[in-house]
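Visitor: Below is one structure. I have some questions about it.
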Amino acid sequence: MHRKKVLLVVMAVAMLFLLASCINLENVQRVNYALRVAEEGGVKEGYLNVEFTQIDEENYQVKLDFALGEESFSSTSKVKADDIQGSLFPLMLSNPSIAQTLGVLSAAQVFLAPAFLGGGELSEGFEWKQKDEEGETEIIVPASETRFGKEALWVEARKDGKLVARILFEKETSFPLVVDFQDPEQLESGQNRFYIEAEEVTWR
């Protein structure tokens, strides 16, 4: 039993690392996200602010401020310039709520897979459908807009006709600007909706 628990922990850590590495941070200097989580007992609000400041040619300072409901957390650390993608991984281990928030941002990337696996480019008007024993999954790109000075695409995911996720990605790097998960099966127990929206982005 002990070995099984250890294996589960190792698998969870590996999954968190993979999720953290999915967020493309290479062109981001600062991002301020507003958070809103609808639960069975009410709504929790908060924020996630991440800022990268270059120290020298090889190093960056990473500052993170997080709050959700009654929880809050702040951290300042140093990261190598060539390891910015993995800079949030240690912070995910420090707080379960931060881990879930970053996990939701990263999981949004999954909805881009059909376009990339098909060798195509995601653009307005894109449609993809797949039907199996679990039902029909549909992913569409209904609209685009300019946000924070860059072109962004809206991506909607539906399961058996029901909207389960709506996401706004910066087109060039697929950086998530809005993530709206509306499917309780994708969230933690007791949660009905997880909404994240960038209120400020400074590009490098």
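Visitor: Considering each residue of region 103-135, count those that are more than 23 Å from F194 (Cα to Cα), surrounded by 16 or more Cβ atoms within 10 Å (Cβ to Cβ) and among the small types (G, A, S), and give that number.
Guide: 1
Visitor: Give the residue that is most open to solvent (accessible area, probe 1.4 Å), with candidates limited to residues of region 148-161 that are within 18 Å of P184 (Cβ to Cβ) and not in a strand (DSSP E or B).
Guide: D160
Visitor: Report, ordered by the first and then the second residue, all pairs with beta carbons closer than 6 Å, sequence separation of six or more or different chains, a first member in region 26-37 that is of a type in the set (K, R), and a second member that is surrounded by 15 or more Cβ atoms within 10 Å (Cβ to Cβ).
Guide: Pairs found: R30/E51; R36/Y195.
Visitor: Let me ask something additional. For the list (1) at pLDDT 90 or above; (2) farther than 23 Å from Q186 by Cα; (3) open to solvent by 20 Å² or more (accessible area, probe 1.4 Å), I need the number of the one condition that A34 fails.
Guide: (2)
Visitor: Now for a different question. Which one of these does W128 not meet: (1) hydrophobic (A, V, I, L, M, F, W, C); (2) out of contact with any strand residue (DSSP E or B) (no Cβ under 7 Å at 6 or more places or on another chain); (3) over 24 Å from E200 (Cα atoms)?
Guide: (2)
Visitor: Can I ask one more? Give the residue, chosen from E145, E170, E138, that is exposed (fewer than 15 other Cβ atoms within 10 Å of the Cβ) and either in contact (Cβ under 8 Å) with a residue 24 or more places away in the chain or out of contact with any Ser or Thr (no Cβ under 7 Å at 6 or more places or on another chain) (or both).
Guide: Matching residue, one of E145, E170, E138: E145.
Visitor: Determine which member of the set S144, S189, S97 is at pLDDT 90 or above and either hydroxyl-bearing (S, T, Y) or out of contact with any helix residue (DSSP H, G or I) (no Cβ under 8 Å at 6 or more places or on another chain) (or both). Write out each step before concluding.
Guide: Numbers: S189 fails: at pLDDT 90 or above; S97 fails: at pLDDT 90 or above.
Every option except S144 fails the conditions.
Visitor: Go through (1) under 21 Å from F66 (Cα atoms); (2) part of a loop (DSSP other than H, G, I, E, B); (3) open to solvent by less than 40 Å² (accessible area, probe 1.4 Å) and name the single condition E188 misses.
Guide: Only one criterion is unmet by E188, namely (3).
Visitor: Condition first: modelled with pLDDT of 80 or more, outside any helix (DSSP H, G or I) and within 16 Å of E172 (Cβ to Cβ). Now tell me which residues in region 112-125 satisfy that.
Guide: L122, S123, E124, listed by residue number.
The values are calculated or read from the model by the stated rules, or taken from the named source; none is laboratory data. Source: prediction; values computed, not measured. Backbone-built Cβ (ideal geometry, glycine too); neighbour counts: all protein chains shown. These area figures cover heavy atoms from the full protein model, side chains too; ligands, DNA and RNA do not enter into them. Shrake-Rupley method; radii C 1.70, N 1.55, O 1.52, S 1.80 Å.
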